[in-house]
Amino acid sequence: MNDRERSEAEDVDFPRFQVGAPPQHVITTLLGDYWISRPEQLPSAALVRLAEEFGVSAVAARAALSRLTKRDLLESSKVGRRTYYRLTDRAAAVMSEGRQRIMSFGLEQGAWDGRWVMAAFSISEEQRDLRHALRARLRWLGFAPLYDGLWVSPTANADSAAAVLAELEIPMSTIFHAEALDSSGTRAPQEAWDFDRLRRAYEDFVAQHSPLLERVRKGVVGASEALVARTGIMDTWRRFPNHDPDLPTELLPAAWPRAAARDLFVEIYDTLGPLAEFRVKQIVAEFEPGLAELVAHHRTSSILSLT
């Protein structure tokens with residue numbers, strides 16, 4: 001993606017995940033996992049039926065399709081009395097980039113050079129919406145607040161951060177590189193992250209999904225369960241990069257659980273892929289047999305090969 005496309009992509013208003021599988025999120029996730037970048041459109045009846053696998057009613061699913069179209073995330077067409085949908089090219093591009101970031105998260109990195117990217121800014125209390133927008137964008141880039149107006153990251157791209165400040169027109173701001181001094185009585189930059197909370201989150205993730213992994217290894221997960229479980233574990237894993245910008249090994253406490261959590265995620269996600277694909281094909285075939293054969297899942301390695 002070039003800078004213009006990236007700026008446009010950041011404006012795409014995807015539904016956010018919430019507990020209980022909100023219909024719009026379910027539909028965009030399913031299209032992103034099994035139908036991304038395909039030029040053909042799927043019948044609305046098939047998408048409604050797929051959403052029902054997640055406990056979404058037909059009424060709620062059809063309402064979600066309408067809202068997603070109004071938000072320019074889906075494009076639609078009619079053939080007779082049937083309506084068909086696919087992701088817009090813009091939405092598909094954003095989902096592809098986000099998916100690559102999610103799948104690469106937690107991979108071993110090279111040695112860190114010890115330099116921090118620092119974003120310093122001052123925004124008045126009256127400009128709360130602007131403060132919120134800037135903080136959200138900085139977090140997405142991998143920053144965290146060391147102090148209220150000083151955000152830090154060991155991995156962020158300085159040019160991308162500068163572009164965000166310019167786009168949001170933050171006049172009292174600057175981006176710079178710095179190395180932290182090992183001095184007693186001062187706050188280290190890595191203290192911008194709550195390592196205890198992150199550790200608990202990773203350990204909870206492993207504890208929650210370990211029983212599923214055992215069942216996956218035994219081959220006792222059916223196609224319908226595979227579809228729902230694969231989507232569920234992706235939804236949980238994709239939230240980690242918002243709280244942990246792939247912090248370098250040099251900054252992490254001993255016995256850090258991120259690698260174990262990633263290994264569990266990848267094994268479940270990849271192993272359940274063929275079964276989940278089979279279930280999607282079954283449902284699409286009920287309405288458009290010719291389109292069912294085009295359904296495809298993607299393994300972690302295939303997604304990373306596109307980077």
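The values are calculated or read from the model by the stated rules, or taken from the named source; none is laboratory data. None of the values given here were measured: they were computed from a predicted structure. In this analysis, Cβ positions are derived from the backbone assuming ideal geometry, glycine residues included, and neighbour counts consider all displayed protein chains. We work out accessible area using only protein heavy atoms, side chains counted, and drop any ligands, DNA or RNA first. Shrake-Rupley method; radii C 1.70, N 1.55, O 1.52, S 1.80 Å.
Couple of notes before you dig in:
- Breaking point among (1) outside any helix (DSSP H, G or I); (2) closer than 30 Å to residue 39 by Cβ; (3) touching a strand residue (DSSP E or B) at 6+ places or on another chain (Cβ under 8 Å), for residue 245: (2)
- Filter result (free of Cβ contacts under 8 Å to residues at least 60 places away in the same chain, surrounded by fewer than 18 Cβ atoms within 10 Å (Cβ to Cβ) and closer than 19 Å to residue 53 by Cβ) within segment 233-246: 236
- Leading residue by the ranking (nearest to residue 130 (Cα to Cα)) among those in segment 179-202 that are among the charged types (D, E, K, R) and assigned to a loop (DSSP other than H, G, I, E, B): 194
- From the list 216, 206, the one residue that fits, being farther than 18 Å from residue 25 by Cα, in contact with a helix residue (DSSP H, G or I) (Cβ under 7 Å, 6 or more places away or on another chain), assigned to a helix (DSSP H, G or I) and open to solvent by 30 Å² or more (accessible area, probe 1.4 Å), is 206.
- Scanning segment 29-45 for residues that are farther than 11 Å from residue 231 by Cβ and hydroxyl-bearing (Ser, Thr, Tyr), we see that the one that is least open to solvent (accessible area, probe 1.4 Å) is 44.
- Unmet requirement for residue 135, which otherwise passes all of (1) over 30 Å from residue 270 (Cβ atoms); (2) free of Cβ contacts under 8 Å to residues at least 24 places away in the same chain; (3) over 20 Å from the mean Cα position of the chain (by Cα): (3)
- Segment 167-184, subset of a type in the set (Ser, Thr, Tyr) and within 30 Å of the chain's Cα centre (by Cα), residue least open to solvent (accessible area, probe 1.4 Å): 173
- Scanning segment 248-288 for residues that are closer than 18 Å to residue 194 by Cα and outside any helix (DSSP H, G or I) yields 248, 252, 253, 254, 255, 256, 257.
- Restricting segment 88-126 to residues that are in contact with a strand residue (DSSP E or B) (Cβ under 7 Å, 6 or more places away or on another chain) and small (Gly, Ala, Ser) leaves a set whose member that is farthest from residue 256 (Cα to Cα) is 120.
- If you go through segment 234-292 and pick out every residue that is among the charged types (D, E, K, R) and more than 22 Å from the chain's Cα centre (by Cα), you end up with 5.
- Of all the residues in segment 181-198, those that are closer than 19 Å to residue 138 by Cβ and either in contact with a strand residue (DSSP E or B) (Cβ under 8 Å, 6 or more places away or on another chain) or acidic (Asp, Glu) (or both) number 6.
- Qualifying residues in segment 289-298 (those that are outside any helix (DSSP H, G or I) and over 23 Å from residue 211 (Cβ atoms)) - the one least open to solvent (accessible area, probe 1.4 Å): 295
- Restricting the first member to segment 166-178 and to residues that are assigned to a helix (DSSP H, G or I), and the second to residues that are of a type in the set (Lys, Arg), the beta-carbon pairs closer than 9 Å and six or more apart or on different chains are 167/137.
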